[in-house]
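Encoded as structure tokens, the structure appears first; notes follow it.
The values are calculated or read from the model by the stated rules, or taken from the named source; none is laboratory data. Bear in mind that the values here come from a model prediction, so they are computed numbers and not experimental data. Cβ sites come from the backbone with ideal geometry, for glycine too, and all protein chains shown count toward neighbours. We work out accessible area using only protein heavy atoms, side chains counted, and drop any ligands, DNA or RNA first. Shrake-Rupley method; radii C 1.70, N 1.55, O 1.52, S 1.80 Å.
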Amino acid sequence: MTKFSRLFYTLFFILAVSHISRANIVYNVINFGAKPDGKTDSTPAFLNAWSAACASSDSSTINVPKGRYLSGSLAFKGECKSSDITFQIDGTLVAPADYRVLGQASNWLSFEGVSGVTVIGGALDAKGSGLWACKAAATNCPSGATTLSFTNSYNIRINGLLSLNSQMYHIVFNGCQNVHVERIKIIASGDSPNTDGIHVQLSSNVVIVNSTIKTGDDCISIGPGTKNLWIEHIKCGPGHGISIGSLAKDMEEAGVQNVTVGKAIFIGTQNGLRIKSWARPSSGFVQRVRFLGAVMQNVQNPIVIDQNYCPHNINCPGQVSGVKISDVLYQDIRGTSATQIAIKFDCSAKNPCTGIRIENVNLIYPNQVAQSFCTNAIGKTLGSVQPNGCL
């Protein structure tokens, strides 16, 4: 090799290395002042690390090493120069012990107007039990904070995250597109109020797979304006099941369409597969929904459409639901019901459910004959269906 060749390859190597180093810049939160002792407030460190990553045009990783990091409310806002920012969490973020600190905020960790953000691993411990106890005692309590929220964001990925004891919802996607959630674990007490595992609304092209959710409300709740949602291999329980709704909260409301829930397992939940709407006028709708291959284990309401939804029968509208429900398939669903009515379609008198199909469903009520109940529901049964269909 000539001297010129050696110089060329040396320069090429230097340029290549420098290019690689620029391609993904790592921001360690400890370098910004975070302390992994679970006592020192690391809020400013996280915000400053985000500001640095957001201001860079290169791909960036915000590294959270092992340890416990005390943090208050964190708002990570776009628009960023980079469309590739990864939160690599090897430790645990811990909320303040006093639930009122977070309880006054809407969110603990919020991402607003971001694109290309990935959250990998780690744990978020919101310490919500104090607020739950306050609410159970019916004293003057704050509403509580969602643990992790994404609003008006694009190309979001969450992989391997653990959410513990959220004050309110664990994870929310509002106005988002192209979201992929995988291998997450959500844990809260079965009697914790309003602790939905994952809530999706006004969002499209969302995938939620291979995850376990144990909480006090819906494992996954699907709100107005959700389109192209794929849910598969979810283990749910305790909790209130996987629910579309509640809908008809507002007169003008975007519809829900193209939802698939496949191979979910429900264990001791209040509901299995549910569609729910308030009995009031609404422009909303639900269409093209596929519930496939679910397993029910001692579920109170395995299959339910409830268009007279009114929890605790307090301030019920007492009207007729305007939400139009159509083209819903229940296929290859089996297991045990904890109540005698295993299939319940309580649809709107003004807008009956149409295009309901039940195919190869086997739900039993131990020691008695399971039953189905239908009102204002139009559809058909295919294959073997137990309990006998009422469509």
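Pick out the one residue from K276, K263 that is at pLDDT 95 or above, in contact with a His (Cβ under 6 Å, 6 or more places away or on another chain) and within 22 Å of V206 (Cβ to Cβ). Full working, then the answer.
Working: K276 fails: in contact with a His (Cβ under 6 Å, 6 or more places away or on another chain).
After ruling out the rest, the residue left standing is K263.
Taking the stretch 339-359, which residues are assigned to a strand (DSSP E or B) and more than 16 Å from V261 (Cα to Cα)? Give the derivation first.
Of all residues in the stretch 339-359, those assigned to a strand (DSSP E or B) come to 341-346, 353-359.
Listed by number, the residues that qualify are I341, A342, I343, K344, F345, D346, C353, T354, G355.
Hey, any hits in the stretch 110-119 for a residue that's under 20 Å from W50 (Cα atoms) and open to solvent by 40 Å² or more (accessible area, probe 1.4 Å)?
At the first step, the residues of the stretch 110-119 found to be under 20 Å from W50 (Cα atoms) are 110-119.
Now narrow it down to the ones that are open to solvent by 40 Å² or more (accessible area, probe 1.4 Å): 112, 115.
Scanning the stretch 110-119, I find at least one residue that is under 20 Å from W50 (Cα atoms) and open to solvent by 40 Å² or more (accessible area, probe 1.4 Å), so the answer is yes.
Are any of the residues in the stretch 319-338 touching a residue at least 60 places away in the same chain (Cβ under 8 Å), part of a strand (DSSP E or B) and buried (at least 24 other Cβ atoms within 10 Å of the Cβ)?
Checked the stretch 319-338: at least one residue is touching a residue at least 60 places away in the same chain (Cβ under 8 Å), part of a strand (DSSP E or B) and buried (at least 24 other Cβ atoms within 10 Å of the Cβ).
Out of the stretch 87-123, which residues are over 21 Å from V26 (Cβ atoms) and not small (G, A, S)?
Step one: of the stretch 87-123, the residues over 21 Å from V26 (Cβ atoms) are 94-108, 110, 112-113.
V94, P96, D98, Y99, R100, V101, L102, Q104, N107, W108, E112 - these are the residues of the stretch 87-123 that are over 21 Å from V26 (Cβ atoms) and not small (G, A, S).
So which residues in the stretch 37-46 are touching a Gly at 6+ places or on another chain (Cβ under 8 Å) and either open to solvent by 60 Å² or more (accessible area, probe 1.4 Å) or within 20 Å of S110 (Cα to Cα) (or both)? Don't jump to the end; show me each part of the working.
Going through the stretch 37-46, the residues touching a Gly at 6+ places or on another chain (Cβ under 8 Å) turn out to be 37-38, 41-45.
Scanning the stretch 37-46 gives D37, D41, S42, T43, P44, A45.
Can you name every residue in the stretch 151-172 that is farther than 27 Å from G255 by Cα and crowded, with 24+ Cβ neighbours inside 10 Å?
Of the stretch 151-172, the ones farther than 27 Å from G255 by Cα are 159-167.
L161, S163, S166, Q167 - these are the residues of the stretch 151-172 that are farther than 27 Å from G255 by Cα and crowded, with 24+ Cβ neighbours inside 10 Å.
Return the total of residues in the stretch 173-183 being out of contact with any His (no Cβ under 9 Å at 6 or more places or on another chain) and either part of a loop (DSSP other than H, G, I, E, B) or open to solvent by less than 10 Å² (accessible area, probe 1.4 Å) (or both).
Step one: of the stretch 173-183, the residues out of contact with any His (no Cβ under 9 Å at 6 or more places or on another chain) are 175-183.
So of that shortlist, the ones also either part of a loop (DSSP other than H, G, I, E, B) or open to solvent by less than 10 Å² (accessible area, probe 1.4 Å) (or both) come out as 175-176, 179, 181, 183.
Number of matching residues: 5.
Taking the stretch 191-242 as the region of interest, how many residues are without any contact (Cβ under 8 Å) to a residue 60 or more places away in the chain, under 20 Å from S153 (Cα atoms) and not in a strand (DSSP E or B)?
Qualifying residue count, the stretch 191-242: 6.
For the stretch 252-289: of the residues being over 18 Å from the mean Cα position of the chain (by Cα) and of a type in the set (K, R), which is least open to solvent (accessible area, probe 1.4 Å)?
Selected residue: R280.
Of R334, R288, which residue is within 14 Å of I275 (Cβ to Cβ) and among the basic types (K, R)? Full working, then the answer.
Details: R334 fails: within 14 Å of I275 (Cβ to Cβ).
So the residue among R334, R288 that is within 14 Å of I275 (Cβ to Cβ) and among the basic types (K, R) is R288.
Which members of the stretch 287-337 meet the condition of being of a type in the set (A, V, I, L, M) and more than 14 Å from G245 (Cβ to Cβ)?
Initial filter on the stretch 287-337 (of a type in the set (A, V, I, L, M)): 289, 292, 294-296, 299, 303-305, 314, 320, 323, 325, 328-329, 333.
Matches in the stretch 287-337: L292, A294, V295, M296, V299, I303, I314, V320, L329, I333.
Name the residue that is nearest to N174 (Cα to Cα), counting only residues in the stretch 120-138 that are crowded, with 16+ Cβ neighbours inside 10 Å and touching a residue at least 60 places away in the same chain (Cβ under 8 Å).
G128
Return a yes/no flag: does the stretch 206-224 have any residue that is surrounded by fewer than 17 Cβ atoms within 10 Å (Cβ to Cβ), of a type in the set (D, E) and closer than 25 Å to N308 by Cβ. Outline the logic, then answer.
Initially, the stretch 206-224 is screened for residues surrounded by fewer than 17 Cβ atoms within 10 Å (Cβ to Cβ), giving 207, 209-210.
Now narrow it down to the ones that are of a type in the set (D, E): none.
No, the stretch 206-224 contains no residue that is surrounded by fewer than 17 Cβ atoms within 10 Å (Cβ to Cβ), of a type in the set (D, E) and closer than 25 Å to N308 by Cβ.
If only one of H312, H233 is surrounded by fewer than 19 Cβ atoms within 10 Å (Cβ to Cβ) and either touching a Phe, Trp or Tyr at 6+ places or on another chain (Cβ under 9 Å) or over 26 Å from S204 (Cα atoms) (or both), which one is it?
Numbers: H233 fails: either touching a Phe, Trp or Tyr at 6+ places or on another chain (Cβ under 9 Å) or over 26 Å from S204 (Cα atoms) (or both).
One residue alone meets the criteria, H312.
Among the candidates L109, L102, L70, single out the residue that is in contact with a Phe, Trp or Tyr (Cβ under 6 Å, 6 or more places away or on another chain) and among the hydrophobic types (A, V, I, L, M, F, W, C). Explain how you work it out, then say what you get.
Numbers: L109 fails: in contact with a Phe, Trp or Tyr (Cβ under 6 Å, 6 or more places away or on another chain); L70 fails: in contact with a Phe, Trp or Tyr (Cβ under 6 Å, 6 or more places away or on another chain).
Just one listed residue meets the conditions, L102.
Quick one: in the stretch 339-349, of everything that is out of contact with any Phe, Trp or Tyr (no Cβ under 9 Å at 6 or more places or on another chain) and free of Cβ contacts under 8 Å to residues at least 60 places away in the same chain, which residue is most open to solvent (accessible area, probe 1.4 Å)? Walk me through it before giving the result.
Filtering the stretch 339-349 down to residues out of contact with any Phe, Trp or Tyr (no Cβ under 9 Å at 6 or more places or on another chain) leaves 347-349.
Cutting the leftovers down to free of Cβ contacts under 8 Å to residues at least 60 places away in the same chain gives us 347, 349.
Values: C347: 5, A349: 74 Å².
Checked the stretch 339-349; the qualifying residue most open to solvent (accessible area, probe 1.4 Å) is A349.
So, of the residues in the stretch 84-126 that are under 20 Å from V64 (Cβ atoms) and of a type in the set (S, T, Y), which turns out to be nearest to the chain's Cα centre (by Cα)?
Among those residues, the one meeting the criterion is S110.
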